[in-house]
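The values are calculated or read from the model by the stated rules, or taken from the named source; none is laboratory data. The structure presented is a predicted model; accordingly, all values stated were derived computationally and were not measured. We place every Cβ from the backbone using ideal geometry, glycine too, and count neighbours over all the protein chains shown. Only protein heavy atoms, including side chains, enter the accessible area calculation; ligands, DNA and RNA are left aside. Shrake-Rupley method; radii C 1.70, N 1.55, O 1.52, S 1.80 Å.
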Amino acid sequence: MNQHVAAPLFVLGAPRSGTSLLYRTLALHPDAAWISNYGRRLTMLPEVAVLNRIARLAPHQRQQVWFGEEGDNAYRYGAARGAVERLFPQPVEGEPLFERRGVLQGLDRTGCGRRQLRLRNDVRRLVRASGSQVLVSKRIGHNRRVGLLHEIFPEARFVVMSRDGRAVARSLLAVDWWPDSLVWWFGGTPRDWSRAGGDPRDLAAHHWVREVDAIETGLALVPEHQVQRITYEDLVAAPHDVITDVARFAGLDDDHGWTAALGRVRFPNRNGTGEPDERVTAIQGETLRALGYAA
């Protein structure tokens, strides 16, 4: 087992921006470690990541469980899963691992103490147990703790995934988990917003802006050479080029088996082609222009 543990890679991006797709395609790499469905529950035992090796030994099953039968669904919500699929090791966001060490969302660098620094050892144990080199971690909550993650892991790299905010808003309104999600800057759920007479489109539009703002605030503390920016639009247009570029940025070397696995994943463009909602565009306008999505 390789004993070298490299700087972790944290994936940032507003929800519904394609971060899960990027996360899982990177996790296919043999040198990438990830928090599994087992690690999320057994936070006191990072060595449970040894089960990650099972996924590498069963590539066909891994493909079906991680990306669905058609190979195009990295975020599988609202679908019944069999026992085998639920038990198969797969990458998850793993918030409990961070909560255990007090690495909380919305906590800035002043919150970094001995407890938070213990996360470094947890990550080292996890990576070594998985037989890999680099932890790749995707969690929407990372958007609001970039400075703290940088304080704990000064060498960490961050990849930021952007997507047209109008497409993000449409996608949020379509997924089944959004109505009952706690919206951190609002203090309630989308269902609460609607009950109070708010337009659901407004909340989804504002949420994208708030998440982007949180990311940029945190990244102001990180050296530029430790940050890579990509877009969902580029990813679905040239997936192999974008993902291999991110992998190299993370310190993951080219690997023929990984390249073959990538070739079995589909990357449909789900942005849609309809006329953009003028109400959403008005709310997001400044941020859309800053990111190059509007003139």
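List of remarks:
- Selection status of Tyr23, open to solvent by less than 10 Å² (accessible area, probe 1.4 Å), at pLDDT 95 or above and of a type in the set (Phe, Trp, Tyr): yes
- Scope segment 148-174; condition over 30 Å from Arg114 (Cα atoms) and free of Cβ contacts under 8 Å to residues at least 24 places away in the same chain; matching residues: Ala174
- Cross-chain or 6+ apart pairs with Cβ under 7 Å, segment 107-125 first and touching a residue at least 40 places away in the same chain (Cβ under 8 Å), then charged (D, E, K, R): Leu107/Arg145; Arg109/Glu151; Cys112/Glu151; Asp122/Arg101; Arg125/Glu47
- Segment 109-146 - residue that is among the polar types (S, T, N, Q) and out of contact with any strand residue (DSSP E or B) (no Cβ under 8 Å at 6 or more places or on another chain) and, of those, least open to solvent (accessible area, probe 1.4 Å): Gln116
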